[in-house]
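> Quick one: structure below, then a few questions.
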Amino acid sequence: MKIILLEDVKGKGKKNDIINVSDGYGNNYLIKNKLGVLYTKGSSNVLNKELQEKKEEHDELIKKLNEIKAKLENKNIKFKVKVGKEDKVFGNISSKQICESIKKLGYDIDKKCIKIDNNIDSLGVHKVLIELHKEVKFYINVVLEK
C-alpha cells in the first residue's frame, strides 16, 4: 500500500514522502492517526501542488535574501573602541553589537546569523560571516578604530 506522509514518522520517512507499507500498518496506524493518507491520483495532485507552492515560497525567500546580500556584502561597519597601552583594545565586539549596527543601516538581521570565528579584539579590519540561510552566505568587514 502506498501512503503519503502528512507528518514525519520515525523510521519511515519525512512529511510529504511517498512510502510503501503493509496494509495493516497503513490503515490501522498511519491513516487512523492522521499521519498519512492513501496515495491516489487526487492525493498525488494535492501533494504536487503543495510542493510547488513550497518551492515558490522558498525561491521568493532566497530572492529577498540575495537582495540583502547584494547590498551588505563587503560593507564596512566601523566601531570606535577604547585602547590602552600599545593599542590594546578593551573588550571585544560581539554579534549583538554588529547586529545593532546593521539595523542602523536599515536591515533586520538576527544576531544568530552572524558567525564570528575569532574574537574581534584588535584594531583593524576583521571579516565576519553572515549566514542568512544555508544557501545565502556572505562576509562583511568589521573595522575597529581608535
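Laboratory data are not the source of any read-out in this text; all were calculated from the coordinates shown. It should be emphasised that the depicted structure is a prediction, and the values quoted were computed from it without experimental measurement. Virtual Cβ from ideal backbone geometry, glycine too; neighbours counted across all protein chains shown.
> Report the one residue of LEU132, GLY91, ILE31 whose Cα lies farthest in the direction of the positive end of the charge dipole of the chain (charges on C-beta: Lys and Arg +1, Asp and Glu -1; origin at the Cα centre).
GLY91
> Please list, in order along segment 86-102, the HN-Hα scalar couplings obtained from phi with the Karplus expression 6.51 cos²θ - 1.76 cosθ + 1.60 (θ = phi - 60°), rounded to whole Hz, x for Gly and Pro.
So the Karplus estimates, Gly and Pro as x, are 6, 6, 7, 7, 7, x, 8, 8, 9, 5, 5, 5, 5, 4, 5, 5, 5 Hz.
> While we're on this one: May I ask you to sort GLU86, GLU131, GLU67 by Cβ crowding, counting other Cβ atoms within 10 Å and putting the fewest first?
GLU86, GLU67, GLU131
> Still on this model: Once phi is turned into ³J(HN,Hα) by the Karplus curve 6.51 cos²θ - 1.76 cosθ + 1.60 with θ = phi - 60°, what whole-Hz value does each residue of segment 120-131 show in order, with x for glycine and proline?
The phi angles translate into 9, 9, 9, 5, x, 9, 10, 8, 10, 7, 10, 10 Hz.
> If each residue's Cβ is checked for other Cβ atoms within 10 Å, how do SER44, SER101, SER22 rank with the fewest at the top? Intermediate results must be reported in sequence, preceding the final value.
Working: SER44 13, SER101 16, SER22 10.
Fewest-to-most Cβ neighbours within 10 Å comes out as SER22, SER44, SER101.
> Considering amide H positions built from the backbone, and no H for Pro or chain starts, which residues 5 or more places from GLY36, or on another chain, come under 5 Å of its amide H?
Those lying under 5 Å, H to H, from GLY36 are LEU6, ILE31.
> Mind pulling the angle between the C-alpha long axis of helix 41-72 and the longest principal axis of the chain? Nearest 10 degrees, somewhere in 0 to 90.
Computed tilt is about 10 degrees.
> Here are a few candidate values for Rg and Dmax of the Cα atoms in Å: (i) 15.3, 47; (ii) 24.4, 77; (iii) 17.6, 60. Which one was actually calculated from the structure I just gave you?
(ii)
> Moving on. As a footprinting exposure proxy, order PHE79, PHE138, PHE90 by other Cβ within 10 Å, with the fewest listed first.
PHE90, PHE79, PHE138
> May I ask you to derive the FRET efficiency for LYS12 and SER94 from their Cβ-Cβ distance with R0 = 35 Å, giving the value to the nearest 0.05?
Computed FRET efficiency for LYS12 and SER94: 0.20.
> Something else now. Counting helices only, and only those DSSP H runs with n ≥ 4, report the 222 nm mean residue ellipticity of the chain as the sum of -39,500 (n - 2.57) divided by its residues, in deg cm²/dmol to the nearest 500.
-10000 deg cm²/dmol
> What is segment 1-127's relative contact order, in percent, from Cα pairs under 8 angstrom and six or more apart in sequence?
Taking the mean separation of contacting Cα pairs over the length of segment 1-127, I get 15 percent.
> Continuing with the same structure: Give the residue list of trypsin sites (Lys or Arg not before Pro) in segment 46-138 that are DSSP loop and have at most 16 other beta-carbon atoms within 10 angstrom.
LYS75, LYS82, LYS88, LYS134
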